[in-house]
Structure formats: structure tokens, C-alpha cells
Amino acid sequence: MSLSKRAQEVSPSATLQITATAKRMVKEGKDVVAFGAGEPDFDTPDVIKSAAISAIQSGFTKYTPTSGIPELKDAIVKKLKNDNGLDYTAGCVVVSCGAKHSLYNVFQVLVDAGDEVLIPVPYWVSYPEMVKLAGGTPVFIPTSLEEDFKITPKKLRQCISKKTKVLVLNSPSNPCGVVYRRKELEAIADICVENNIYCISDEIYEKIIFDGIENVSMASLSDKIKKLTVTVNGFSKSYSMTGWRLGYLAAEDEIAKAVSCVQDHSTSNPTSFVQKAALAAFSLGPAFFDDVRRKFQERRDYIVSRLDKMSRFLSYKKPEGAFYIFVNIKKTGMDSFAFAKRLLEEKYVALIPGGPFGCNDYVRISFATSMEKIKTGLDRIEEWLGTIG
Ligand SMILES: Cc1ncc(COP(=O)(O)O)c(C=O)c1O
């Protein structure tokens with residue numbers, strides 16, 4: 001067997017692996033509490049399902065334009081204007097098979113061999129792998145729990161070299177729920193503009209923000225940063241449409257055209273009837289998101305109240321968005337892989353080791369599961385910690 005160097009350098013997705021192991025254990029009849037999931041636990045809303053069914057029944061099952069059907073792209077343009085204060089034309093929007101696909105495409109379009117891509121740590125596991133697949137070099141910007149896991153202008157400047165091409169920003173973030181404020185983003189934007197660095201702004205969790213904190217889109221800050229920013233978003237997390245595979249990006253015309261061209265020669269259009277379903281998703285108003293946010297916030301508040309009682313071993317930064325909490329486990333004396341493996345084997349609780357997110361002293365708990373499961377899982381973790389020290 002002679003695999004390409006590219007294939008040999010890519011690591012498998014840790015999040016997908018653990019989720020698969022937990023699912024296998026459930027099939028074997030084990031009472032697993034799964035804190036691994038990266039997807040909302042509520043069903044896709046009926047209005048979306050119905051739109052997909054009608055589209056199929058009406059024969060909307062053929063190829064569409066690669067970058068998406070015009071009515072969906074127009075709806076995305078409207079959404080970006082209303083929700084994010086962004087002015088784009090439909091030609092600047094490319095719809096793809098998930099935000100992951102949008103991200104993959106844009107790295108292919110922006111990154112050449114030897115280009116450096118700045119990635120704040122902790123990071124979503126796929127960024128460095130996508131950069132490597134594009135031939136680029138990931139350069140990690142360290143952050144810490146004490147700094148609220150946010151990059152500072154000083155740290156950003158320290159990591160910039162002549163080869164720096166792109167900065168990846170993810171707010172609200174996976175895995176730690178960080179939400180950057182307007183002033184913080186402005187300082188980062190100034191540095192990007194000054195150094196002509198592109199910013200890939202992954203805003204996939206924008207609808208899940210707690211405590212009334214404002215979501216600010218990088219590209220909305222000024223015309224200068226808008227020219228350098230690629231805004232990535234999708235339907236998976238906001239509408240519980242993870243399996244449908246639909247995401248999009250908005251960028252300068254030239255970038256969008258290049259992305260569409262790459263997509264022409266890989267997947268072509270995202271699934272026709274899923275695009276119709278996504279169009280129907282936009283009919284869900286603010287009340288829908290208020291309800292989703294309220295549920296996630298209740299769970300977050302419960303989790304932190306329980307974790308506070310385990311402070312002998314665990315510490316955390318209270319998440320401000322998304323549905324994950326990133327927990328420091330250093331005081332247990334285990335690294336993240338040993339912690340996750342033992343907890344799964346001994347207590348049937350599945351969570352994700354922080355190693356693949358760039359932090360081996362942390363584990364990620366997803367609270368995209370019912371309150372009942374959260375209670376059971378935390379009871380088991382507390383009990384287990386009692387036995388280790
Ligand atoms: C930060 C981040 N970006 C992008 C994605 C990809 O989402 P999609 O399902 O739209 O491909 C995920 C999914 O877990 C994510 O956590």
C-alpha cells in the first residue's frame with residue numbers, strides 16, 4: 001500500500017471516533033451517558049422536514065447550480081444583512097455540504113504550500129487537518145483558562161511571520177464556548193488589516209449565545225476587514241440539521257468564485273431538496289432560537305453548579321456560547337485520553353479528550369443532551385472522582 005503523504009499526515013477525527021465507540025457500547029446494551037455529541041439533541045423542526053419531503057415529491061431531485069439555488073442564496077443574503085449587518089450579493093455566497101465543507105473549500109482556495117495559518121488553541125479538531133490537506137502549515141496561538149481562552153493582540157502579533165496568510169477565528173467556540181466581544185474583535189481586525197491577513201470567521205454557533213451577550217460578525221466591523229474575511233455558517237447547529245449537510249460561506253466575489261470552482265470539481269451542488277429544506281428553516285423566527293438558547297443555558301448553569309462541587313479535581317471557564325464546556329482535569333493526574341478512556345470503561349460516561357483540540361489537560365463535555373442524562377452523567381463523574389483520590 002502506498003498512500004499519499006497528504007493522507008498519511010491527516011489524523012482521524014477524535015470526536016467522531018469516541019462518539020462511534022459510545023454508540024457501539026449502547027448497541028451492546030450498556031447504559032452509556034454520551035457527553036460527546038457535537039449536535040443538538042432536539043429533532044429537526046417539522047417545517048424543515050416537510051419542505052424536504054415536498055421538494056422530493058415534486059421532483060426537485062436533480063442537479064442544481066453548484067453554489068446553490070438562487071432563492072436559497074437570496075435568503076442567505078437577507079439573513080446575513082438582518083442578523084449580522086453584512087452586505088453581500090448572491091454572487092458572494094457559496095452553499096456547500098456543511099460548514100465543514102465550506103471551510104475545507106476555502107482553505108483550498110486561500111492556502112498554498114508553505115503558507116502559515118494561525119489557529120488559536122484550543123481549536124476545533126478539523127482546522128489543522130484541513131490546513132495540512134491544503135499544503136499549509138498550522139501555527140498555533142496559545143491561550144489559557146486564565147485568559148478566558150482568548151487570543152490577545154500581543155500574542156497574535158508574536159505569531160505573525162512573512163508566511164502568515166490566514167487567521168482562523170471561531171466565536172462562539174468549540175470546544176470552550178468563548179465569545180469574542182466587539183472591542184476584542186476590532187483589535188484583531190486591525191492587526192489582520194495591517195498585515196494583510198485573511199480571517200476565516202467560523203460563526204456556526206452564532207445562535208447559541210448565553211446571558212444576552214451580543215454576537216458580532218468579524219466582517220461587519222469595517223469595509224477593510226470585510227474584504228479579508230470569509231464568513232462561514234451553516235444549518236447544522238442552529239436548526240439541528242447535522243445529518244442534512246448544509247453550510248455556506250460569504251466572501252469577496254473573487255474568493256466565492258474560486259470556492260465555487262473547487263466545488264464544481266468535487267461535490268458539485270449540495271443536495272437539491274436539502275437546499276429547499278434550508279430555505280424553509282429561515283421561516284423560523286426569534287422565538288425558536290429563544291427557546292433553544294434557554295434550554296442550553298439552563299443545562300450550562302446546572303453543569304457549572306455541579307462542577308463547582310468537584311473543584312478539588314476540576315476547573316473550567318463558564319461557556320458563553322455553543323454547547324460545550326472545556327474542563328481542566330490536570331489535578332486528577334491523568335491526561336485527557338486516560339481520563340476519557342477510564343471514565344468510559346469504568347462509568348460508561350463518554351466525553352471527548354482535549355488532546356485533539358490542542359489541550360491534553362482538558363476534556364470536553366457536550367451538554368447537547370437531556371437534563372436527566374446530564375444529571376446521571378455528573379453523578380457518575382462525581383462518584384468516580386471520589387474513588388480516585
Ligand atoms: C466549530 C465548528 N465549525 C464547523 C463545524 C461543521 O459543521 P457542519 O455540520 O455544518 O459541517 C463544526 C461541527 O462540529 C464545528 O464545531
For this session: Would you tally the residues in the stretch 170-206 being surrounded by fewer than 22 Cβ atoms within 10 Å (Cβ to Cβ) and within 17 Å of residue 319 (Cβ to Cβ)?
Result: 2
Exercise. Just a yes or no: is a residue in the stretch 226-236 farther than 21 Å from residue 147 by Cα, surrounded by 20 or more Cβ atoms within 10 Å (Cβ to Cβ) and among the aromatic types (Phe, Trp, Tyr)?
Worked result: yes
Exercise. Out of the residues in the stretch 193-207 that are of a type in the set (D, E, K, R) and more than 15 Å from residue 222 (Cα to Cα), which is nearest to the ligand (Cβ to nearest atom)?
Worked result: 202
For this session: With the condition kept exactly as written, say whether any residue in the stretch 52-61 is small (Gly, Ala, Ser), outside any strand (DSSP E or B), crowded, with 21+ Cβ neighbours inside 10 Å and more than 16 Å from the ligand (Cβ to nearest atom).
Result: yes
For this session: Inspect all residues belonging to the stretch 170-179 and state whether any of them is away from the ligand (no atom under 15 Å from the Cβ) and within 22 Å of residue 215 (Cα to Cα).
Result: no
Exercise. Taking residue 81, is it assigned by TED's automatic domain parsing to the domain that holds residue 231 and either part of a helix (DSSP H, G or I) or modelled with pLDDT of 95 or more (or both)?
Worked result: yes
Exercise. Restricting attention to the stretch 331-348, does a residue exist that is surrounded by fewer than 23 Cβ atoms within 10 Å (Cβ to Cβ), part of a helix (DSSP H, G or I) and touching a Pro at 6+ places or on another chain (Cβ under 6 Å)?
Worked result: yes
Seminar exercise, completed: Of the residues in the stretch 34-51, those that are part of a loop (DSSP other than H, G, I, E, B) and within 15 Å of the ligand (Cβ to nearest atom) number 8
For this session: Answer with yes or no whether residue 237 is within 13 Å of the ligand (Cβ to nearest atom), touching a residue at least 12 places away in the same chain (Cβ under 8 Å) and either of a type in the set (Lys, Arg) or in contact with a His (Cβ under 6 Å, 6 or more places away or on another chain) (or both).
Result: yes
Exercise. Looking only at the stretch 295-319, which residues are in a loop (DSSP other than H, G, I, E, B) and either touching a Ser or Thr at 6+ places or on another chain (Cβ under 9 Å) or buried (at least 24 other Cβ atoms within 10 Å of the Cβ) (or both)?
Worked result: 313, 314, 319
Exercise. Within the stretch 109-126, can you find the residues that are more than 25 Å from residue 325 (Cα to Cα), surrounded by 18 or more Cβ atoms within 10 Å (Cβ to Cβ) and either within 16 Å of the ligand (Cβ to nearest atom) or hydrophobic (A, V, I, L, M, F, W, C) (or both)?
Worked result: 109, 110, 111, 117
Exercise. Pairs, please: C-beta under 8 Å, at least 6 apart or cross-chain, first residue touching a residue at least 12 places away in the same chain (Cβ under 8 Å) and in the stretch 133-161, second part of a helix (DSSP H, G or I) and hydroxyl-bearing (Ser, Thr, Tyr)?
Worked result: 133/104; 138/127
For this session: Inspect all residues belonging to the stretch 91-104 and state whether any of them is modelled with pLDDT of 95 or more, in a helix (DSSP H, G or I), outside the structural domain of residue 201 (by TED's automatic domain parsing) and among the basic types (Lys, Arg).
Result: no
For this session: Scan 49, 5 and give me the residue that is among the basic types (Lys, Arg) and loosely packed, with under 15 Cβ neighbours inside 10 Å.
Result: 5
Problem set entry | Selection count, the stretch 7-55, where residues are hydroxyl-bearing (Ser, Thr, Tyr) and at pLDDT 90 or above | 3
Exercise. Regarding residue 16, is this residue away from the ligand (no atom under 15 Å from the Cβ) and under 26 Å from residue 134 (Cα atoms)?
Worked result: no
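Looking at this structure, is residue 20 exposed (fewer than 14 other Cβ atoms within 10 Å of the Cβ) and part of a helix (DSSP H, G or I)?
Working: exposed (fewer than 14 other Cβ atoms within 10 Å of the Cβ): yes; part of a helix (DSSP H, G or I): yes.
Judged against the criteria, residue 20 is a match.
The values are calculated or read from the model by the stated rules, or taken from the named source; none is laboratory data. Quick caveat, the model's predicted, so the values are computed rather than measured. Every residue, glycine as well, gets a Cβ built from its backbone with ideal geometry; the counts of neighbours run over all protein chains shown.
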